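These notes concern the structure reproduced below.
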Amino acid sequence: MQKRILLTGSNGLLGQKIIHILQDRVNTSLLATSRGVNRHPVREGYTYKELDICDHGRVARAFEEFKPTHVIHTAAVTQVDLCETEHAMCDNINVDAVDNLTQLCKAHDARMIHISTDFVFDGSSGPYKESDSPAPLSYYGNSKLKAEQVVEASGCKYAILRTQLLYGITPAMSRSNIVLWVKDSLEKGKNIKVVSDQFRCPTLVEDLAVASVAAVMKEADGIYHISGAEMMSIIDIAYKVADYWKLDKALIAETDSLSLNQAAKRPPTTGFIITKAQLDLDYKPHSLAQGLAHVDRQMKEMAGSI
Ligand SMILES: NC(=O)c1ccc[n+]([C@@H]2O[C@H](COP(=O)([O-])OP(=O)(O)OC[C@H]3O[C@@H](n4cnc5c(N)ncnc54)[C@H](OP(=O)(O)O)[C@@H]3O)[C@@H](O)[C@H]2O)c1
């Protein structure tokens with residue numbers, strides 16, 4: 001059967017990678033949507049529509065016109081510290097828009113693939129499996145948990161893909177990530193402070209994009225944990241980035257969460273057990289070493305040197 005996929009947040013890091021996989025794919029029609037003009041460099045093989053997910057009327061009209069069989073919902077406010085102060089904006093984008101999307105999915109019999117986060121956990125006992133109890137520490141984490149609950153209660157067909165610490169590169173990015181930030185800072189000779197008391201499974205964005213599409217194709221149901229397979233501290237990730245690009249590790253200073261004093265509290269140890277995704281979705285994540293090589297290759301392609 002022809003899949004008609006409505007993608008939200010297509011200008012984001014994950015959204016752009018999903019376009020890359022789905023454009024021109026056989027038996028699939030893609031409507032990519034995001035705020036503002038299309039920032040994806042490739043314009044063929046799919047349709048783009050400017051769509052603010054908080055404009056519920058326009059989202060409903062997009063459903064009427066496109067008649068999606070699946071929605072991949074990547075759009076979110078992802079700035080964790082901003083959410084700590086901008087509660088109304090965070091609720092509108094991360095919760096209310098999800099409520100509207102799931103109601104529309106139910107009415108149109110479309111499956112919702114909803115992207116969530118490790119920040120639904122308090123980080124006291126990672127790595128986590130899908131059935132572990134959430135207990136968010138931040139407003140952002142709480143908004144994403146509320147969104148999961150909205151999806152689950154809506155009665156629509158759904159899969160929730162929780163992910164963590166995404167890294168990767170696309171043209172025209174609206175925000176950085178751990179790998180690009182460390183590489184860029186060290187290349188400029190800047191001193192950086194990196195926490196050694198937070199542990200994650202860094203996730204190559206292409207791996208999550210492949211898993212999102214697999215969730216559509218395999219009609220995945222329920223919650224899935226999608227991350228890299230290796231758990232490490234954030235400072236170890238920074239050291240690996242320095243090693244890979246042969247940059248000066250002496251610029252990296254160790255700090256801890258308390259000294260960093262960020263607006264939103266971060267969970268100390270998350271990490272995921274990914275067995276369910278490996279079994280059901282044939283999920284095969286890259287190692288961090290492979291992921292860094294992948295990012296390096298893409299940077300060279302974007303610079304036109306290969
Ligand atoms: N990045 C991570 O480490 C991480 C970790 C765990 C979970 N996640 C989840 O993964 C998903 C994708 O993250 P990402 O890293 O790809 O985020 P991203 O790069 O920040 O992309 C999110 C996209 O959503 C768009 N957007 C925001 N508000 C919108 C609205 N009202 N209407 C339409 N589009 C809107 C943004 O538009 P603009 O470009 O115009 O701002 C942006 O392009 C999110 O659900 C996030 O919560 C991410």
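If a residue has to be more than 12 Å from the ligand (Cβ to nearest atom) and either out of contact with any Lys or Arg (no Cβ under 8 Å at 6 or more places or on another chain) or not aromatic (Phe, Trp, Tyr) (or both) to count, how many in segment 152-165 make the cut?
Filtering segment 152-165 for residues more than 12 Å from the ligand (Cβ to nearest atom) gives 152-159.
Narrowing further to those that are either out of contact with any Lys or Arg (no Cβ under 8 Å at 6 or more places or on another chain) or not aromatic (Phe, Trp, Tyr) (or both): 152-157, 159.
Qualifying residue count, segment 152-165: 7.
In segment 236-250, which residue that is closer than 13 Å to ARG200 by Cα and touching a Lys or Arg at 6+ places or on another chain (Cβ under 9 Å) is surrounded by the most Cβ atoms within 10 Å (Cβ to Cβ)? Explain how you work it out, then say what you get.
Within segment 236-250, the subset closer than 13 Å to ARG200 by Cα is 236-238.
Within this subset, residues satisfying the condition of being touching a Lys or Arg at 6+ places or on another chain (Cβ under 9 Å) are 237-238.
Working: ILE237: 22, ALA238: 27.
So the residue we want is ALA238.
For segment 183-209, which positions are within 14 Å of the ligand (Cβ to nearest atom) and aliphatic (A, V, I, L, M)? Give the derivation first.
Start the filter on segment 183-209 by keeping residues that are within 14 Å of the ligand (Cβ to nearest atom), which leaves 198, 200-209.
Those that are within 14 Å of the ligand (Cβ to nearest atom) and aliphatic (A, V, I, L, M): LEU204, VAL205, LEU208, ALA209.
Assess whether LEU82 counts as being crowded, with 16+ Cβ neighbours inside 10 Å and either at pLDDT 95 or above or out of contact with any Leu (no Cβ under 7 Å at 6 or more places or on another chain) (or both). Full working, then the answer.
Details: crowded, with 16+ Cβ neighbours inside 10 Å: no; either at pLDDT 95 or above or out of contact with any Leu (no Cβ under 7 Å at 6 or more places or on another chain) (or both): yes.
For LEU82, the condition - crowded, with 16+ Cβ neighbours inside 10 Å and either at pLDDT 95 or above or out of contact with any Leu (no Cβ under 7 Å at 6 or more places or on another chain) (or both) - is not met.
Are any residues in segment 158-215 surrounded by fewer than 17 Cβ atoms within 10 Å (Cβ to Cβ) and either touching an Asp or Glu at 6+ places or on another chain (Cβ under 7 Å) or part of a loop (DSSP other than H, G, I, E, B) (or both), and if so, which ones?
Once the filter is applied, which keeps residues that are surrounded by fewer than 17 Cβ atoms within 10 Å (Cβ to Cβ) and either touching an Asp or Glu at 6+ places or on another chain (Cβ under 7 Å) or part of a loop (DSSP other than H, G, I, E, B) (or both), segment 158-215 yields PRO171, ALA172, MET173, SER174, ARG175, SER176, LYS188, GLY189, LYS190, ASN191, SER196.
In segment 31-48, how many residues are within 16 Å of the ligand (Cβ to nearest atom) and either among the small types (Gly, Ala, Ser) or within 16 Å of ALA110 (Cβ to Cβ) (or both)?
Counting residues in segment 31-48 that are within 16 Å of the ligand (Cβ to nearest atom) and either among the small types (Gly, Ala, Ser) or within 16 Å of ALA110 (Cβ to Cβ) (or both) gives 5.
When residues of segment 60-115 are filtered for being part of a strand (DSSP E or B), farther than 24 Å from MET173 by Cα and within 15 Å of the ligand (Cβ to nearest atom), how many remain? Give the steps one after another, and end with the answer.
First pass over segment 60-115, keeping only residues part of a strand (DSSP E or B): 70-73, 111-115.
Add one more test, that the residue is farther than 24 Å from MET173 by Cα, and what stays is 70, 111-112.
Narrowing further to those that are within 15 Å of the ligand (Cβ to nearest atom): 112.
So the answer is 1.
Select, from SER259, SER227, SER233, the only residue that is among the polar types (S, T, N, Q), surrounded by 17 or more Cβ atoms within 10 Å (Cβ to Cβ) and farther than 29 Å from LYS157 by Cβ. Break it down into steps so the answer makes sense when it comes.
Numbers: SER259 fails: surrounded by 17 or more Cβ atoms within 10 Å (Cβ to Cβ); SER227 fails: farther than 29 Å from LYS157 by Cβ.
Result of the check over SER259, SER227, SER233: SER233.
Restricting the search to segment 255-306, which residues are within 26 Å of ASN191 (Cα to Cα) and among the acidic types (Asp, Glu)?
Across segment 255-306, the qualifying residues are ASP256, ASP296.
If SER124 satisfies every condition in (1) more than 13 Å from the ligand (Cβ to nearest atom); (2) within 20 Å of the chain's Cα centre (by Cα); (3) part of a loop (DSSP other than H, G, I, E, B); (4) farther than 23 Å from ALA209 by Cα but one, which is the exception?
Just one mismatch for SER124, condition (2).
Quick test of your reading of the structure: LEU31 fulfils all but one of (1) of a type outside the set (Ser, Thr, Tyr); (2) outside any helix (DSSP H, G or I); (3) in contact (Cβ under 8 Å) with a residue 40 or more places away in the chain. Name the failing condition by number.
(3)
The values are calculated or read from the model by the stated rules, or taken from the named source; none is laboratory data. The shown structure was predicted, so the numbers you read here are calculated from the model rather than taken from an experiment. Every residue, glycine among them, receives a Cβ derived from its backbone with ideal geometry; neighbour counts consider all protein chains shown.
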